[in-house]
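Asks: Sharing a structure below in structure tokens format, with a few things to ask.
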Amino acid sequence: MGDQVRPERIAQLVREEESFLICGHVRPDPDCVGSQLALSHALRKMGRGAEVWLADRVPDNCLFLAGSSSVHQGDAPLREHRVAFVLDTPKPERLGRIAERVLRIPVIVNIDHHPSNTLWGRYNWVDPKASATSEFIQLLIHEMGIEIDREIATCLYAGILTDTGRFCYSNTSPSAHTMAAELLRYGANPEEVSRHIYGSSRIQKIRLLARVLQGLRVDDDGALAWVRITREMYGECGASTEDADGFVNYARDINGVRVAVLLEEMPGREHTRVSMRSQDSRIDVNEIAARYGGGGHHAAAGAVIPGRLEHVEEKLLGEIREAVRRAQHGDRISRGK
Ligand code: AMP
Ligand code: MN
Ligand code: MN
């Protein structure tokens, strides 16, 4: 564990070093990939080497970002590096199968906005108030003295757009809007980015969505809604886990729902991936995920839990119902009932 540092210190490191590895989390999202690629472009503009490395493949909705095809996915980095940037990754385990190799790199610069970040790098620039990791990279690129071009702006805009839920979530701060506005001035095209990210679904994804929503369940009081994805559903629709990204939001967006859950059978059926969303500021799904070794944010968190889907479903939903009861009970007490 190291210190929290300011961007000036990280820019100084960039000036001192020749080449950098840039890593991110498993199941990468546009904030992860966008901030990684933006940083790699800026470093190259400065004449530095930059290698972007991820455990999992770049999702389809990020393939339009410049540089996405050169993201490395092998078992080891292509070159030796003394410094690794790790972006949007609160704990080393979230690096997935590349974690062990990344941890061998002498200097790790951890840049992130997850409240669960353990400040695990030599240098840490972590602030949960930031809407997206892309915000830090935008500031860092300015600090490096590099001009943001259209490609960099597009990468960073994709990160802010998606991590704020298209500027809808509570993390949609004045700075999220100000920084996004700046990116538009540097050439990001919001219509184009939105079309690539939200308007280019594979038909397999839509078939899977239809199948999954058929099984949507809601508790009698309407507070908890959940969906399940089995291995058979993937097979029937020709879809993969990446296609299920965002499905939990359909359960979340039902009127009256406080907590929404997606439960997904993992290959082998011995583990269940859960994705949780809270619509109630008194219910912290990050805390519930942390009980299972997962994490995330107050209103959006996940975990991979050992156990079959039915078993995990029963236990986890029980705990969530308890959290909902406690939140509503606290509410009644504070209203004097
Ligand atoms: P998701 O539900 O997969 O969209 O993820 C929502 C949030 O929870 C993101 O910030 C993720 O980084 C975090 N998250 C999801 N799965 C895990 C996990 N297994 N461990 C830690 N954090 C997770
Ligand atoms: Mn992310
Ligand atoms: Mn993020």
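The values are calculated or read from the model by the stated rules, or taken from the named source; none is laboratory data. Remember, it's a predicted structure, so these values are computed and weren't measured experimentally. Quick reminder, even Gly has a Cβ in these numbers, built from the backbone with ideal geometry, and neighbours come from all protein chains shown.
Asks: Test of understanding: among PRO128, PRO106, which residue is surrounded by fewer than 17 Cβ atoms within 10 Å (Cβ to Cβ), touching a Pro at 6+ places or on another chain (Cβ under 9 Å) and at pLDDT 95 or above? Steps first, answer last, please.
Replies: Details: PRO106 fails: touching a Pro at 6+ places or on another chain (Cβ under 9 Å).
Exactly one of PRO128, PRO106 is surrounded by fewer than 17 Cβ atoms within 10 Å (Cβ to Cβ), touching a Pro at 6+ places or on another chain (Cβ under 9 Å) and at pLDDT 95 or above, namely PRO128.
Asks: Looking only at the range 164-191, how many residues end up being in a helix (DSSP H, G or I), in contact with a helix residue (DSSP H, G or I) (Cβ under 6 Å, 6 or more places away or on another chain) and closer than 17 Å to LYS129 by Cβ?
Replies: Within the range 164-191, the subset in a helix (DSSP H, G or I) is 174-185, 190-191.
This time we only want the ones that are in contact with a helix residue (DSSP H, G or I) (Cβ under 6 Å, 6 or more places away or on another chain), so: 176, 179-180, 183.
This time we only want the ones that are closer than 17 Å to LYS129 by Cβ, so: 176, 179-180.
The number of residues fulfilling the criteria is 3.
Asks: Could you tell me whether the range 224-236 includes any residue that is in a strand (DSSP E or B), β-branched (Val, Ile, Thr), surrounded by fewer than 17 Cβ atoms within 10 Å (Cβ to Cβ) and in contact (Cβ under 8 Å) with a residue 24 or more places away in the chain?
Replies: The answer is no, given that none of the residues of the range 224-236 is in a strand (DSSP E or B), β-branched (Val, Ile, Thr), surrounded by fewer than 17 Cβ atoms within 10 Å (Cβ to Cβ) and in contact (Cβ under 8 Å) with a residue 24 or more places away in the chain.
Asks: Let me ask another. Looking only at the range 202-223, how many residues end up being in contact with a helix residue (DSSP H, G or I) (Cβ under 8 Å, 6 or more places away or on another chain) and part of a loop (DSSP other than H, G, I, E, B)?
Replies: 4
Asks: Taking the options LEU39, LEU78, LEU65, name whichever one is away from ligand 1 (no atom under 16 Å from the Cβ), out of contact with any strand residue (DSSP E or B) (no Cβ under 7 Å at 6 or more places or on another chain) and not polar (S, T, N, Q).
Replies: On the way: LEU39 fails: out of contact with any strand residue (DSSP E or B) (no Cβ under 7 Å at 6 or more places or on another chain); LEU78 fails: out of contact with any strand residue (DSSP E or B) (no Cβ under 7 Å at 6 or more places or on another chain).
Testing whether each residue is away from ligand 1 (no atom under 16 Å from the Cβ), out of contact with any strand residue (DSSP E or B) (no Cβ under 7 Å at 6 or more places or on another chain) and not polar (S, T, N, Q) leaves just LEU65.
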